[in-house]
1. Using the alpha-carbon centroid of each, what span in Å lies between region 256-295 and region 149-169?
2. What is the distance in Å between the Cα centres of region 86-139 and region 198-226?
3. What is the chain's relative contact order, in percent, from Cα pairs under 8 angstrom and six or more apart in sequence?
4. Dipole size in debye (nearest 20) for the chain around its Cα centre, Lys and Arg Cβ +1, Asp and Glu Cβ -1?
5. Per residue, how big is the convex hull around the C-alpha atoms of the chain? Give it to me in cubic angstrom, could you?
6. Translational diffusion coefficient of region 180-311 at 25 °C, 0.890 mPa s, Stokes-Einstein with Kirkwood Rh over Cα pairs, in µm²/s as a whole number.
7. Over the C-alpha atoms of region 102-220, what are the Rg and the largest Cα-to-Cα span, Dmax, in Å?
8. What does the helix-only formula give at 222 nm for the chain: each DSSP H stretch with n ≥ 4 adding -39500 (n - 2.57), the total divided by the residues, and the result rounded to the nearest 500 deg cm²/dmol?
Amino acid sequence: MQPQIAAERSRVACTERSRSEVAHVLEKLGSKVENLGLNTWQLRTLSAVRRCRTAALGGHIDACDECGKISISYNSCRNRHCPKCQGKNREDWIQARQSELLPVPYFHVVFTLPDSINSLAMQDPRLVYDILFESTWETLKTFGKTAAIQSGMIAVLHTWGQNLSLHPHLHCIVPGGGVDKNGKWQNIRGDGKFLFPVNALSKVFRAKYCEKLKERSPDNYTKVKKLLWEKQWVVFAKKPFGSPKSVIEYLGRYTHKIAISNNRIQSIDDQNVTFSYKDYRQNGFKKQMTLTHEEFIRRFALHILPKRFVKIRHYGFLSSTWKREKLKVLQEKLKVKLIEKVEKKPFLPKCPCCKTGNLHRIAVFDQRGPPAWYLGSSQSSGPCEN
């Protein structure tokens, strides 16, 4: 590699990775990550996170339409577990849901699995998490049948606690009603309070989950049966949202969240990682935890979902099939002002130098590095001139 190219890669990497990141821990750990007992898919995911926004993925050169400054950026990995690649996906998801809102009460309900299922979740996560989705929806349908309506649910899977421990739970947005046989909206109750008591939900949820686990994996069910029935399962319900728009904004916090964001990492040295977390056993009191590189990455890898596993699912009248065929009619009956779809404009980031101009891509390059003309340009190095 030419010294000039190596220097440029080092300069950009230093600029883009000035904060402590999960990728830094992986760099410190190096080939030792292969000794953590992880599967091939987990190792591939960690490799993508490590290479994100580095020369290994190539990059592009941008020019500002205001000050003319030329700058370089390396490509992102676009992996859904990467701390640096979730912003755009989250915004796209929120924008898509805006046109589906109804002027009805919505509730946030959280279904949590007991820690006695954790060993099986590490062994067969697809089985454990699929049953979690299915039993949650069947539980809500069981209660919703009293009103003879088609209910709905948007569910988002999270598998972590604040300290990166395994803590599988579903964040669900549940409308406070549903659609009857005539396609008309019916509130479950008129006072806006949630119809389903959490204690009753918890018991039905546990029964549904255990029944499905017994059907799908009788041997594993036998191993954990006693512990599952001894534990009190937790279902948590919050008060209804103030407005339909606040529902999407709230859920947007959860849809593309990952186990830990880079801004929670306080420091990384040659042996350990220190990060902040909230202890909800002490009313969310903020604390710090220090782990070795190996333990930190082992915990992070617990939350890498199986390949092609769908972590955001829509049910009932919120499913894609129902929305495609009947949503527009229901919105018209509820006198919802439909939002016209606006063609997306290309995203143009702001210039970090002048702060007013937009950056336009003028060249791309692969892992071999930037082109010679950029390396020889006087604009390719040095701070911004203000």
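Just so you know, all these numbers are worked out from the coordinates, no wet-lab data involved. A quick note: this is a predicted structure, and the numbers were derived from the prediction, not measured. No Cβ is skipped: glycine too gets one built from the backbone with ideal geometry, and neighbour counts run over all protein chains shown.
1. 20
2. 18
3. Values: 587 pairs, mean separation 103.6, N = 386.
Relative contact order of the chain: 27 percent.
4. Details: 64 positive and 34 negative charges, 228 e Å.
I would put it at about 1100 debye.
5. Working: hull volume 70.1 nm³, N = 386.
Taking the convex hull of the Cα positions in the chain, it is 182 Å³ per residue.
6. Details: Rh = 19.7 Å.
For the chosen part, D equals 125 µm²/s.
7. Final numbers for Rg and Dmax: 15.6, 48 Å.
8. -10500 deg cm²/dmol
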